[in-house]
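The values are calculated or read from the model by the stated rules, or taken from the named source; none is laboratory data. Quick caveat: nothing in here was measured; it's all calculated off a predicted structure. With ideal geometry, Cβ positions are generated from the backbone for all residues, glycine too; neighbour counts draw on all protein chains shown. Accessible surface is based on the protein model in full, side chains and every heavy atom, while ligands, DNA and RNA are left aside. Shrake-Rupley method; radii C 1.70, N 1.55, O 1.52, S 1.80 Å.
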Amino acid sequence: MQRTRALASALLLAAGGAAAEAPPGGEVGYVFTDLFWSVYQTGDASECPQGFNDGPREQFAALYPEPARLDVATTQLAQEIATWHPTTEPEGFPFYTVEGPYAYGLDLDGKTSPDDFEHPDGTPGIDNAVYRAVGCIIGFRGPDGVEHIFQSKAIKDEAYNRMMINLTGVDSLADDDSVTVTVYRGRDELLTDATGENIMPGGTQRVDRRWGEPLIRETSGRIEGGILTTEPIGELVIPWQNLQVPSIHRIRDARFELRLDSTGAEGLLAGYADVDTWYYQLIRNDSTHHLANGQISAISLYKALRRLADAHPDPGSGENTAISTALDVRMTQVYIVDEASQAASP
């Protein structure tokens, strides 16, 4: 965190203070352009001393060494049923979780426990159990992991995923003790340069009031040293379509920590992901074939997510239903137009 603030201050000074000025009308909007689970990884994968987890192909080969002698119902279909109707029952395969001390994320509960990580900048108490579960799965590691590539790419490409935040009451993008942060869903394609690859600031996004009204959230925040920190949002619902399959994520107690300037924002979105929603987004968007390309055994991963879940216990069973997480997020500045509000104005 200290390094993030120092970097933000240096960038403000380098820009001649332009980023510190109040935006026109005290309002600035940003649209998501990159979003993926925060995975701290080293060059030698020392955080995974036992190696990486096997995927469905490897597990299938171990379960059925002579599949020609077996019928489809007791092999392939049995595995598909176990994927779509997962349980927490133990299985015969080891599952390797992250063993290193470091992770990206935020201190969500205000406590430091033995299960917490340390941020690489030295901040203790980092809560990110999703990373513990997926950090030793090849498909979630960058830059070549199948999930890392395609789910992040979908944020740019799919208008279904067009989430954005609007800051109002902004006196300065460097320091402001009180701003209002509203989360919207947009309706429009992103503005790109001539290559079609690079997202440019200055585009326009219309607020989706028809389908996106239930997704609107509002919270308060403060800006210190160019870093926006928000108060938690009870439940943030994020549309996340990949490979043309509509789905969502539910992040409870969600909060942003973002470095701001006049052209973009980047940082973290953290909170507690609903375990079942997290899991079904994964398997709805990716068939077993696609998961196999990233050595992702959905059956094994579900058991790990449930085992590592660390928040929001079910009132009946007492089992935790949500798991701490953090997502790396990048945003580009946009002009947010709420046509419904304009129509209502005198």
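Listing for the model above:
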read-out: Candidate lysines - alpha carbon under 26 Å from Lys303, same-chain residues fewer than 8 apart omitted; value: Lys111
read-out: Rh (Kirkwood; distinct C-alpha pairs) - region 15-112, Å; value: 19.3
read-out: Residue with peak Gaussian network fluctuation, the chain [Cα springs, cutoff 10 Å], from Ala68, Ala311, Ala254; value: Ala68
read-out: Residues whose placed amide H lies under 5 Å from that of Arg162, excluding near-sequence neighbours; value: Gly186
read-out: Among [x] 73, 47, 43; [y] 65, 60, 39; [z] 61, 53, 38, the entry that matches Cα extents along the principal axes in Å as calculated here; value: [x]
read-out: Charge dipole magnitude, Cβ of K and R +1, D and E -1 - region 297-336, Cα centre, debye nearest 20; value: 140
read-out: Nearest 10 degrees, 0 to 90: helix 298-308 Cα axis against the chain principal axis; value: 60
read-out: Spin-label pair Asn293/Phe52, simplified geometry with 7 Å Cα→Cβ offset, distance in nm; value: 1.4
read-out: 0 to 90° range, to nearest 10: angle between helix 2-14 axis and the chain longest Cα axis; value: 40
read-out: Most fluctuating residue given options Leu63, Leu108, Leu236, as computed from a GNM of the chain linking Cα atoms under 10 Å; value: Leu63
read-out: The chain, accessible surface, carbon-and-sulfur percent (1.4 angstrom probe); value: 52
read-out: Highest-fluctuation residue, Ala129, Ala73, Ala273 considered, GNM on the chain with Cα pairs under 10 Å; value: Ala73
read-out: Residues of region 165-318: accessible area per residue with a 1.4 Å probe, Å²; value: 41
read-out: Extension reserve of the Tyr335-Gln76 stretch, reckoned as 0.36 nm per residue once the Cα distance is removed; value: 88.3 nm
read-out: Distance cut-off 21 Å, percentage of C-alpha pairs in region 254-346 lying past it; value: 57
read-out: Nonlocal amide H pairs with Thr204, under 5 Å, H built at 1.01 Å; value: Tyr335
read-out: The chain: angle of helix 146-157 to the longest principal axis, Cα-based, in degrees nearest 10; value: 30
read-out: For Tyr102, residues with placed amide H under 5 Å, excluding near neighbours; value: Glu118
read-out: Ranking by accessible area, most exposed first, for Ser262, Ser172 with a 1.4 Å probe; value: Ser262, Ser172
read-out: Whole-Hz ³J(HN,Hα) from phi, Karplus 6.51 cos²θ - 1.76 cosθ + 1.60, for region 25-35, glycine and proline x; value: x, x, 9, 8, x, 9, 10, 5, 10, 9, 7
